[in-house]
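Trainee: Would you mind keeping the following structure in view while I ask a few things?
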Amino acid sequence: MENSAKLIHLAVCLALVALTAYIVYITGGTKHAFTHLIYIPTIMIAFVYGMKGSIFISLISGLILGPFMPEDVKLGIMQAPANWIGRSGIQLFVAVIVSMMVNHNRKLNDIIRNKAYENYNTGLPNVNKFVIDTEKHLKERASESFTVLVFKYENMREVQRYIDFYIGKESMQYLLDTAKSYFHSNSIYSFNIDEFAVVLPEADLNLSYDSGNSFLAKFKNLHYVDNVPIHFSLKCGVINYPFHAESCRGILQNIGKLMGQLEISKKNIEIYNCYISEKNSKDYHTLLGFIKGLESDSLTLHYQPKIDLKSKKVFGVEALLRWKEPDSNHVKIDELVKVIENAGIISQLTRWVVKKTIEQLGEWHKAGLKVNVSANLSSRDLNDDALLLYTKEYIDKYSVNPIYYEFELTERSFTENEGTSVEYLNELKNLGLKISIDDYGTGYNSLMNMVKLPIDYIKIDRFFINNICHEEGGKLVEDMISLIHHLGKKVLAEGVETIEQLKVLNDMDCDYVQGYYYSKPVPAAKVAEVISSINYELKFGD
């Protein structure tokens, strides 16, 4: 097919030479400027046949328009040799220059084309080349299976950041050189700056897994790169054609999912798992639904009363998120928050909650309902300085006294932000806000944190309250309450559901309680009614 096209191109150029000679002849000879038309086939032939073809056309046309072509057809005057030889020389010169330019341009195009299929940092074939090679394999050898091992150099950026940038790059090259040696003639592709793939043709899935695992084992100990000791933190994903995907697009999509699977896995090597990918896909759609929910009525807040056992009154309510996707059941809020945190957009949810709760608090206060509202903070919010300004902005906007607003944080928040949590909480306290620790007893807090953190009270997790009526469980809760009181803090018991639990907590001198015994979380419109009912029961009940 290619040879046929070249022959057709040659025939066209020769036809143009003949046409030019005919035009020159019928218009009276070479004394007119029509001889310049000969440059068209001279240039055209260079794009297909290069310099040889261009010189060939120049010589042929030089002879046809030279000694065989009259200067003046009508008078029968032939050209002087100096004229046609000079013109032929110029034409030959143009042919050489054009051919050189075409050849140079072709080389540049080849370089650009090769760069498009080559990783800039490593010089290895990139994902574009992987696509071409994979599609070629599927087209020519669709019945032959292959397995792809995808390796991720997890701590490469840390090496670049804390040791040396160039050592980081060289350590990646060291890793790739080791892979070339280990996997011999198998194709290796650089996918990202810290990821590469090895294609094992006709390889059994289990054998491929063992091969990947053996390669990882080579990097359990320190390796030296330019005399610098490097610990390589590597993970490997395994995916097979046609077992896990039957198209190039499917393979690439599942490689992406596989890398996500590796991120959440505690294992160093994983075979692609469609069930985990389905969960990731579900999380993605949950995330999209959440973003839409911020702009619709599918995200709402319910409020659960908190009771002061000493004054026998409701002193506040906790704002609890509720979300109902269209045409589906309620989504578990803990799962939603985890997905949002992993996506790095928890601050959007926190701001939405802060805005809604402060706005609602302002409305209640205007209506004469003096109650405080607490909202939950994520551990990631403790690094968000802009949240402080955002909270103050809405407190000022709705003329809310900040002592009626409270943030609840889990124990995990302090362990994940040990260096900054105290300073951040002090800034919250400077705004006049209250602070409490949620789910106490389920995290990794220490007595030192209990002393140094500027908290108003501590909430004992419902897990302990569920067992409070048993001797061991009751003793544990009693000791917790006594310890917290000795530290100068007050105590709230979560998850109180029975009168027996309430009586035990009263006997233990617990300060506050919260739970279904008094009320489940209710919409904002019902809060005033529920609080009134609880206060009446506390005042006139047994």
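Only the coordinates and a few stated rules stand behind these numbers; no lab work does. Because the structure is predicted, anything quoted here is derived from the model rather than measured. All Cβ positions, glycine included, derive from the backbone under ideal geometry; neighbour counts span all protein chains shown.
Trainee: With θ taken as phi - 60° and the coefficients 6.51, -1.76 and 1.60, list the Karplus ³J(HN,Hα) couplings across segment 41-57 in order, rounded to whole Hz; mark glycine and proline as x.
Mentor: Taking θ as phi minus 60°, the curve returns x, 4, 6, 4, 5, 5, 6, 10, 9, x, 5, 4, x, 5, 5, 4, 5 Hz for segment 41-57.
Trainee: Give me the extension gain from ASP164 to LEU487: residue separation times 0.36 nm, minus the current Cα-Cα distance, reported in nm with one decimal. Before the final figure, lay out each step's value.
Mentor: Values: separation 323, 0.36 × 323 = 116.28 nm, distance 4.67 nm.
Between ASP164 and LEU487, full extension yields an extra 111.6 nm.
Trainee: In addition: Given R₀ = 30 Å, FRET efficiency for ASN342-VAL451 by Cβ-Cβ distance, to 0.05? Write out the running numbers ahead of the final one.
Mentor: Details: r = 32 Å, r/R0 = 1.08.
E(calc), rounded to 0.05, equals 0.40.
Trainee: Across bins of 5 angstrom width beginning at 0, how are the C-alpha pair distances of segment 127-272 distributed, in whole percent?
Mentor: Values per bin, smallest distances first: 2, 9, 20, 23, 19, 14, 7, 4, 2, 0.
Trainee: Over 29 Å between Cα atoms, which of LYS218/LYS338; LYS356/LYS475; LYS313/LYS434 qualify? Walk me through the numbers on the way to the answer.
Mentor: Values: LYS218/LYS338 35 Å; LYS356/LYS475 40 Å; LYS313/LYS434 19 Å.
Long pairs (Cα-Cα over 29 Å): LYS218/LYS338; LYS356/LYS475.
Trainee: Assuming R0 = 45 Å, can you tell me the calculated FRET efficiency for the pair THR300 and ASP110, based on Cβ-Cβ distance, to the nearest 0.05?
Mentor: Numbers: r = 61 Å, r/R0 = 1.36.
So, using R0 = 45 Å, E works out to roughly 0.15.
Trainee: Right, here's the next one. Calculate how steeply helix 421-430 sits against the longest principal axis of the alpha-carbon atoms of the chain, using the helix alpha-carbon long axis, and give the answer as 0 to 90 degrees to the nearest 10.
Mentor: With rounding to tens, the tilt is 60 degrees.
Trainee: Right, something else. Of [x] 30.9; [y] 31.9; [z] 33.6, which is the value of Kirkwood radius over Cα pairs in Å derived from the coordinates here?
Mentor: [x]
Trainee: Just report the Cα centroid separation between segment 187-256 and segment 40-113, whole Å.
Mentor: Using only Cα atoms to place each centre, the spacing works out to 55 Å.
Trainee: Give the peptides 473-483, 215-225 in descending order of average Cβ contacts within 10 Å, highest first. Show your work: numbers first, answer last.
Mentor: Details: 473-483: 16.3, 215-225: 14.2.
Ranked by mean Cβ neighbours within 10 Å, highest first: 473-483, 215-225.
Trainee: Then there's this: Rounded to the nearest 500, what is the chain's calculated 222 nm mean residue ellipticity when only DSSP H runs of at least 4 contribute -39500 (n - 2.57) each, over all residues? The partial results should precede the final answer.
Mentor: Values: 19 runs with 291 residues, N = 542.
Per the formula, -17500 deg cm²/dmol.
Trainee: Also: What is the extension gain from THR498 to SER233, computed as 0.36 nm multiplied by their sequence separation minus the C-alpha to C-alpha distance, in nm to one decimal? Walk me through the numbers on the way to the answer.
Mentor: Values: separation 265, 0.36 × 265 = 95.40 nm, distance 5.11 nm.
Additional length available on full extension: 90.3 nm.
Trainee: Using alpha carbon centroids, what distance separates segment 476-507 and segment 1-34, in Å?
Mentor: Their Cα centres are 103 Å away from one another.
Trainee: Ok, one more. Sorted by packing (mean other beta-carbon atoms within 10 Å per residue), highest first, where do 145-153, 127-135, 357-365 land? It would help to have the intermediate numbers written out before the result.
Mentor: Working: 145-153: 22.9, 127-135: 16.6, 357-365: 18.9.
Most protected by this proxy first, the peptides run 145-153, 357-365, 127-135.
Trainee: Sorted by packing (mean other beta-carbon atoms within 10 Å per residue), highest first, where do 391-402, 56-67 land? Mind showing how you got there, number by number?
Mentor: Working: 391-402: 15.9, 56-67: 19.8.
Sorting 391-402, 56-67 by mean packing, highest first, produces 56-67, 391-402.
Trainee: Starting from the Cα-Cα distance between LEU369 and HIS9, subtract it from 0.36 nm times their residue separation and give me the gain in nm to one decimal. Don't jump to the answer; show the numbers that get you there.
Mentor: On the way: separation 360, 0.36 × 360 = 129.60 nm, distance 9.03 nm.
Gain on stretching LEU369 to HIS9: 120.6 nm.
Trainee: Turning to a different aspect of this structure: So, R0 is 41 Å and r is the distance between the beta-carbons of LEU207 and ASP385; what FRET efficiency does that work out to, to 0.05?
Mentor: Working: r = 53 Å, r/R0 = 1.28.
My answer for the efficiency is 0.20.
Trainee: Within a 10 angstrom radius of the beta carbon, how do CYS469, CYS510, CYS248 rank from fewest other beta carbons to most? Provide the component values of the computation, followed by the final result.
Mentor: Details: CYS469 13, CYS510 26, CYS248 19.
Going from least to most buried by this count: CYS469, CYS248, CYS510.
Trainee: Among SER233, SER190, what is the fewest-to-most ranking by other Cβ atoms within 10 Å? Can you show the working numbers first?
Mentor: Working: SER233 14, SER190 23.
Lowest to highest Cβ neighbour count: SER233, SER190.
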